[in-house]
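Chemist: Sharing a structure here in structure tokens format.
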Amino acid sequence: MIRSLSDPHSLLPPLERASIAVGRLAQAMAGTPVLAAWLHRSRAEAAASIADAQGRRVDPNRLRTLLARVPARASRDWGATMLALDLMRQMLADDADDGGAAGDAPPLVPTGADDAMARMEAALEPTKGAVLIACGLGFLAHLEAGGDRGGACLAVSRFLAVRGMTPLPVPCLNGVEAIRRADPSGTRPGGGWPSGNWPSGNWLVTFLDGMARQAEEGEESLIALLHRWRGWRRRVGDRRSDARIRRAVDAVAAEGVMSPARLAARLRCATSAATDLLEELQRLEIAVEITRRRTHRVFVAEDLASMLGEVAPRSAAAETVGAIPAAPLAMLPEPDRWVEPAEGVDDALANLERILKRQDPLLARYGRTGG
């Protein structure tokens, strides 16, 4: 698996940069009040990027929209959505303390993460315990053996957590950036690797550079979320520390997507009061409603307002009720229709939702102690 490197010293600069970046990210994660919120948000981006590395493109906002049970725009590739949902399920299963509900249902798409983990562990001894180098070599060995890219990507965050480089599996550390750099044309979408094209020295430089960039971007997004949350707190103004609206800000920041009923359960108040709180947050430009309806409304944090692009629009008749056009309307393209998920997606969502409920205590604890 490990071939001789023509210039081992060429690995030192990228190894140093990657080690520092991962260490800074781990340090930023320690003690930050928005850790649970950041992890909760970053899983959708990670699942979408891993699916893209396998040749199946899906917008992370589509995943958030589906998980919020909001009607989404029509999609021609429900297979990509199912793949991304299953990747999210496996990430959550990795974070779970026990097998429980995560182990009751078989994965929709086999990933081979266990095989990739075994290859990374096997590379530790020849590399004298260099975790990032062993991770890169095991990653490459898994692909060259015909393993799927999704399994290798899921194994990276697990391996780094097991080896103590991060306090827990970090979704954004998945090796996707290395795949993009090594195979920019995406000629092998299903998995595997063009054998012989990447000697281990060249691959390791690419892998380490990609990991460094992912860690740096992860740290930036974590700090940005922390500053955004503090800014939302300032918009609320000088109120009691236990005021419901401050707790509502924490809840929206933690979960990103919130309905009145869910907020009422978290704050232990009436649904009507929770609706008023969410409408007040919308007035303060902290939350945005994405459902465009009077009942079963769903709000998202303002930085996730781009989810509106994945929500099925209202019919043209509903939007023009009471309006008197000044001139004849031009022919408009047929609007997107509200669609039902394809066969299998409902089961995937239900399975994922069961696991997401196991994250509720952590998110709720964040909401209570955010101050």
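Chemist: Looking at segment 279-289 only, could you name the residues that are touching a strand residue (DSSP E or B) at 6+ places or on another chain (Cβ under 6 Å) and buried (at least 24 other Cβ atoms within 10 Å of the Cβ)?
Modeler: Leu281, Ala287
Chemist: Has segment 168-184 got any residue that is open to solvent by 40 Å² or more (accessible area, probe 1.4 Å), modelled with pLDDT under 85 and closer than 23 Å to Gly151 by Cβ?
Modeler: Residues of segment 168-184 that are open to solvent by 40 Å² or more (accessible area, probe 1.4 Å), as a first pass: 168, 180-181, 184.
Now drop any that are not modelled with pLDDT under 85, which leaves 181, 184.
Checking which are closer than 23 Å to Gly151 by Cβ leaves us with 181, 184.
Yes, segment 168-184 has at least one match.
Chemist: Across segment 216-232, which residue is nearest to Arg294 (Cα to Cα) among those that are among the aliphatic types (A, V, I, L, M) and either surrounded by 22 or more Cβ atoms within 10 Å (Cβ to Cβ) or touching a residue at least 12 places away in the same chain (Cβ under 8 Å) (or both)? Show your work before the answer.
Modeler: Narrowing segment 216-232 to residues among the aliphatic types (A, V, I, L, M): 222-226.
From what is left, the residues that are either surrounded by 22 or more Cβ atoms within 10 Å (Cβ to Cβ) or touching a residue at least 12 places away in the same chain (Cβ under 8 Å) (or both) are 222-223, 225-226.
Working: Leu222: 34, Ile223: 35, Leu225: 30, Leu226: 32 Å.
Checked segment 216-232; the qualifying residue nearest to Arg294 (Cα to Cα) is Leu225.
Chemist: Would it be correct to say that Arg230 is under 24 Å from the mean Cα position of the chain (by Cα), of a type in the set (Lys, Arg) and part of a helix (DSSP H, G or I)?
Modeler: It is true that Arg230 is under 24 Å from the mean Cα position of the chain (by Cα), of a type in the set (Lys, Arg) and part of a helix (DSSP H, G or I).
Here's the yes/no breakdown for (1) touching a residue at least 40 places away in the same chain (Cβ under 8 Å); (2) open to solvent by less than 20 Å² (accessible area, probe 1.4 Å); (3) not in a helix (DSSP H, G or I):
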site: Ser10; (1), (2), (3): yes, no, no
site: Leu15; (1), (2), (3): yes, no, no
site: Ala18; (1), (2), (3): yes, yes, no
site: Arg24; (1), (2), (3): yes, no, no
site: Gln27; (1), (2), (3): no, no, no
site: Ala48; (1), (2), (3): no, yes, no
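Chemist: Could you list, in sequence order, all residues of segment 233-273 that are outside any helix (DSSP H, G or I) and open to solvent by 70 Å² or more (accessible area, probe 1.4 Å)?
Modeler: Initial filter on segment 233-273 (outside any helix (DSSP H, G or I)): 237-243, 256-259, 268-270.
Those that are outside any helix (DSSP H, G or I) and open to solvent by 70 Å² or more (accessible area, probe 1.4 Å): Asp238, Arg239, Arg240, Ser241, Asp242, Arg268.
Chemist: Also, quick follow-up: Which of the following residues is over 22 Å from Leu63 (Cα atoms), free of Cβ contacts under 8 Å to residues at least 12 places away in the same chain and among the charged types (D, E, K, R): Asp238, Asp209? Write out each step before concluding.
Modeler: Working: Asp209 fails: free of Cβ contacts under 8 Å to residues at least 12 places away in the same chain.
Selected residue: Asp238, the only one of Asp238, Asp209 that is over 22 Å from Leu63 (Cα atoms), free of Cβ contacts under 8 Å to residues at least 12 places away in the same chain and among the charged types (D, E, K, R).
Chemist: For segment 73-130, enumerate the residues that are open to solvent by less than 50 Å² (accessible area, probe 1.4 Å), within 16 Å of Asn174 (Cβ to Cβ), modelled with pLDDT under 85 and assigned to a helix (DSSP H, G or I).
Modeler: Residues satisfying the conditions are Leu92, Ala93, Asp95.
Chemist: Next question. So, of the residues in segment 50-60 that are in a helix (DSSP H, G or I) and either open to solvent by 20 Å² or more (accessible area, probe 1.4 Å) or charged (D, E, K, R) (or both), which turns out to be nearest to Ala212 (Cα to Cα)? Quick ask: steps written out before the conclusion?
Modeler: Of the residues in segment 50-60, the ones in a helix (DSSP H, G or I) are 50-53, 60.
Now narrow it down to the ones that are either open to solvent by 20 Å² or more (accessible area, probe 1.4 Å) or charged (D, E, K, R) (or both): 52, 60.
Numbers: Asp52: 20, Pro60: 22 Å.
Among residues in segment 50-60 that are in a helix (DSSP H, G or I) and either open to solvent by 20 Å² or more (accessible area, probe 1.4 Å) or charged (D, E, K, R) (or both), the one nearest to Ala212 (Cα to Cα) is Asp52.
Chemist: So, in segment 29-46, of the ones that are of a type outside the set (A, V, I, L, M, F, W, C) and not in a helix (DSSP H, G or I), which residue ends up farthest from the chain's Cα centre (by Cα)? Show your work before the answer.
Modeler: Step one: list which residues in segment 29-46 are of a type outside the set (A, V, I, L, M, F, W, C), which gives 31-33, 40-43, 45.
If we keep only those that are not in a helix (DSSP H, G or I) too, we end up with 31-33.
Values: Gly31: 21, Thr32: 18, Pro33: 18 Å.
Among those that are of a type outside the set (A, V, I, L, M, F, W, C) and not in a helix (DSSP H, G or I), it is Gly31.
The values are calculated or read from the model by the stated rules, or taken from the named source; none is laboratory data. Source: prediction; values computed, not measured. All Cβ positions, even for glycine, are placed from backbone atoms using ideal geometry, and neighbour counts span all protein chains on display. Only protein heavy atoms, including side chains, enter the accessible area calculation; ligands, DNA and RNA are left aside. Shrake-Rupley method; radii C 1.70, N 1.55, O 1.52, S 1.80 Å.
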